[in-house]
Amino acid sequence: MFVYVGTYTEPSMGDGKGIYVFQFDQETGALTPAQELEGVANPSFLGLNADRSLLFATEELESGGLSSFARDSVTGRLTPINSQPSHGAHPCFVTTDPSDRFILASNYNGGTVVAVPVAPDGRLGPATSVVAHHGSSINPDRQREAHPHMIAPTPDGNYVIATDLGTDEIVIYRLKSDDGTLVRDDQVPASVKTAPGAGPRHFAFSPGGHMLYVINELDSTIASYTYADGQIRPLETVSTLPADFTGDSTCAQIVVSPDGRFVYGSNRGHDSIAIFAVDETGGVLTLVDIQSTQGKEPRNFNIDPTGNWLLAGNQHSGTVATFRRDQLTGKLEATGPLTNVPSPVAILFA
């Protein structure tokens, strides 16, 4: 198995070199360097196609871009294919649609979400759809305008949803398979409002697709929703921080364990990962533990497909921390030395 770490490369944002590739030992959790792919500017988020033969990266710049790479399954090494404009500033998320014929991306400062076609050879074509978000919310520093942060298909493959940190919304689309355009569907609400000032950032579905968990960056909470055929209904909201915490902190990444029994969310400022157990009947979350990430600003983390390991990237410490995960309790145990990676901001297993 391999691990891909995207970094901030621009001097104003970080000092990474590009995408770092590691071989991952599933017995010990050790990371062994396999490649440093330079020449990719600010690859702040990474995605894979279904058979893992292609890797996609955002280029988080004012003149945003999206890049495609061929992936060698034996060596893990990446070979650049091509890039396309993201049609917005600072793209911060990329993933594929269920057919693998398109990638979907969000432009945080550009206020747009896009669909870009993927040819059979992995080449990206010009965008087939560019949709602008509009609006604002109550935070005068962070919510004066739309800031789409994540876009991804629903597990049933029928819809695409996008969280907008600037407008406090979960926006619902369909992706037309014939021409790759993102459209609204009059059979479901156009959007679902979150709590004012919450700042929805990333989301994750339960394995069965019936629960949606959204991590809110600005008020450090996780909001739970039920999901069924495009209908998103709120269930509860829980804090990711200790009750006695008084400092500044924002949330970043959210991951559901492969078995669906636990939800994990990262705190930047408190510098930790909050661990919640999921009630098997109603999906309600109960706090299990809050684990230090052994560094500053855990912007991104991920759980390996076996569910045994969690890797957290500490952006401001320049380290990746390895944790062994107890699948019965959900708790994390730090294992081995920290791995030095400058400005890590995306972690992907393949």
* Given q = 0.28 Å⁻¹, what are the Debye log10 I(q)/I(0) values for region 75-140, with equal point scatterers placed on the Cα positions and solvent ignored? -> -1.26
* Structure fact -> Computed on Cα atoms, the radius of gyration and Dmax of region 127-219 in angstrom are 13.3, 41
* Label-point gap, in nm, between Asn82 and Asn340 - each point 7 angstrom along Cα→Cβ -> 3.9 nm
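On alpha carbon coordinates alone, what is the Rg over Rh value for region 203-323, Rh being the Kirkwood radius? Numbers along the way, then the final one.
Numbers: Rg = 13.9 Å, Rh = 14.4 Å.
When Rh is taken as the Kirkwood radius, the ratio is 0.96.
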* To do: Determine, for Met13, Met211, Met150, Met1, the number of other Cβ atoms within 10 Å of each Cβ, and report the residues in order from fewest to most.
  => Met1, Met13, Met211, Met150
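Order of Glu217, Glu10, Glu27 from fewest to most other C-beta atoms within 10 Å? Walk me through the numbers before you get to the answer.
Details: Glu217 21, Glu10 14, Glu27 6.
Ascending Cβ contact count within 10 Å gives the list Glu27, Glu10, Glu217.
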* Asked: What ratio of Cα Rg to 2.2 N^0.38 Å holds for the chain?
  -> 0.91
* So what is the relative contact order for the chain, in percent, with contacts set as C-alpha pairs under 8 Å and at least six apart? -> 12 percent
* Listed highest first by mean packing, meaning other Cβ atoms within 10 Å per residue, what order do 88-98, 274-284 come in? -> 88-98, 274-284
* To do: Just round it to a whole percent: the fraction of Cα-Cα distances in region 40-193 exceeding 23 Å.
  => 33 percent
* Structure fact -> Exposure proxy check on Thr293, Thr226: fewest-to-most Cβ neighbours within 10 Å is Thr226, Thr293
* What residues from region 2-33 fall in the zone where the backbone N is under 18 Å from a label point 7 Å along the Cα-to-C-beta line of Lys296? -> 8-16
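Please sort 250-261, 99-110 by packing, taking for each peptide the average over its residues of neighbouring beta carbons within 10 angstrom, highest first.
Details: 250-261: 20.0, 99-110: 23.4.
Put in order of decreasing packing, that is 99-110, 250-261.
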* Compute the normalised compactness of region 133-284: alpha-carbon radius of gyration over 2.2 N^0.38 Å, N being the residue count. => 1.03
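What does the charge dipole of the chain about its Cα centre add up to, to the nearest 20 debye, if the Cβ of each Lys and Arg holds +1 and the Cβ of each Asp and Glu holds -1?
Numbers: 21 positive and 39 negative charges, 37 e Å.
Taking the Cα centre of the chain as origin, the dipole is about 180 debye.
The numbers here are math on the coordinates, done by the rules we state, and not lab data. Just so it is clear, the model here is predicted, and its values are computed rather than measured. Positions of Cβ are backbone-derived with ideal geometry, glycine not excepted, and every protein chain shown enters the neighbour counts.
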